[in-house]
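Working notes for the structure below.
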Amino acid sequence: MRDATAEKTETALDAASLVTDMAKRARAAARVLASLNAEARTAALRAGAAAIRAAAPAILAANAIDMERGRSLGLTHALLDRLMLNEARIEGIAAGVEAVAGIADPVNTVAAEWERPNGLRIQQVRVPIGVIGIVYESRPNVTADAGALCVRSGNAVILRGGSEALNSSRAIHAAFVAGLASAGVPADAVQLVPVADRAAVGAMLTAQGLIDVIVPRGGKSLVARVQSDARVPVLAHLDGNNHVYVDGGADPEKALTIVRNAKLRRTGVCGAAETVLVDEAAKDQLAPLARMLLDAGCEVRGDAATQGVDPRVKPAAEADWDTEYLEPIVAMKLVHGVSDAIAHIERHGSHHTDAIVTEDAAAAEAFLSGVDSAIVALNASTQFADGGEFGFGAEIGIATGRLHARGPVGAEQLTTMKYLVRGTGQIRP
């Protein structure tokens, strides 16, 4: 019998060897990709979108295998919804690639330029980061979204999708890369890790000098592991514990519409609202809001004031204010004005997306400036936390850190800067 430790070591070495080989090929492909002009990258993306449409039957067949396996594994409703593909969603994936093809190409754009007193002319220019590693879970559409954004921004990418979506991701990847290759983009520019072994994730996280940045997209446990174990820079958010604050100056009908959409449009996305805060000056709106959610099949967990408006409201535990449900469950609480709402969000939120509903300009500005989140909205649903809705074509994720990029990570956020300095013989005294 083989020693278990030896087997584990061998697996890790195999994974490291696999990732090293992929990264080296990606680095070579990145140099070719970055040398292409914007028109060539655009043509390649459109070819990729066409190939995804043409491969719809094969993609649906692969997804059916993943869905059956997911049900047998007992995946939650939210995870199954993220995993599921149909003709409309495949069309949405292809349309998303086309949307990325249609956005402005960020590579080699001049962000700023100036001339120094000594005659030196300096330009700050956007350039690709290099090789991006993306680790994601049960959303097979990320395969195309991430690949398209990296091609648009001149980066090569190594994709590691979740095992639950492996067949779907492989089918999408095969079609997309075939389309890219037909238009002159190296196939190695968009690679998919071919194995489900978690050792491959560990190898990616420690691939210093091979992978330039890691972007995790998935549940809290995945992102926490990436942030804990990575030796490569990480662009990520842990969770989307998002809030809608209904201010005393809110329009009641607008509040009902926004809260319903923010919570229930799709409960399993990171932009879904998880807590509704109601100003005591708008206490008369507490009952209509709670009943609207309850009648729509959403469980409401509330403080004493919220429990008092409907017997179906369950008491909220302290942990509910910190929970990203990703299910039709919402926490609801009465607060004492905009300052109290901001304090609650600062204490319990995840700095992802938070919204205020109000017609009071002073309250709106206090909230917009006082809430320290990547996205802060006025009179709009938190479910607009999406790169496509921001006009980015698509996104790799929502970054909640404070370095490099914050908010939806699109093509421009996948570039870095270099400085071009043009002189006429100047030397430094």
Residue within segment 37-53 that is within 22 Å of the chain's Cα centre (by Cα) and free of Cβ contacts under 8 Å to residues at least 12 places away in the same chain present: no
Failed condition for SER228, given (1) exposed (fewer than 15 other Cβ atoms within 10 Å of the Cβ); (2) assigned by TED's automatic domain parsing to the domain that holds ALA361: (2)
Residue in segment 250-269 that is modelled with pLDDT of 95 or more, surrounded by fewer than 21 Cβ atoms within 10 Å (Cβ to Cβ) and closer than 20 Å to HIS348 by Cβ present: no
Contacts under 9 angstrom Cβ, first residue in segment 200-218 being outside the structural domain of LEU166 (by TED's automatic domain parsing) and closer than 13 Å to TYR136 by Cα, partner modelled with pLDDT under 95 and assigned to a loop (DSSP other than H, G, I, E, B), 6 or more apart: none
Helices (runs of 4 or more DSSP H) enclosed by segment 25-131 - at least 1 residues per element that are at pLDDT 95 or above: 38-54, 56-72, 87-102
Residue selected from segment 150-165 under the condition part of a helix (DSSP H, G or I) and modelled with pLDDT of 95 or more, by the criterion farthest from VAL190 (Cα to Cα): ARG152
Residue list for segment 230-260, filter: assigned to a helix (DSSP H, G or I) and among the basic types (Lys, Arg): LYS254, ARG260
Filter result for PHE390 (aromatic (Phe, Trp, Tyr) and part of a helix (DSSP H, G or I)): no
Matching residues in segment 81-101 - criterion: being closer than 13 Å to ILE52 by Cα, free of Cβ contacts under 8 Å to residues at least 40 places away in the same chain and buried (at least 16 other Cβ atoms within 10 Å of the Cβ): ILE90
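The values are calculated or read from the model by the stated rules, or taken from the named source; none is laboratory data. All figures in this text were calculated on a predicted structure; none of them were measured in a lab. Because the Cβ atoms are built from the backbone with ideal geometry, glycine has one as well, and the counts that use them run over all protein chains shown.
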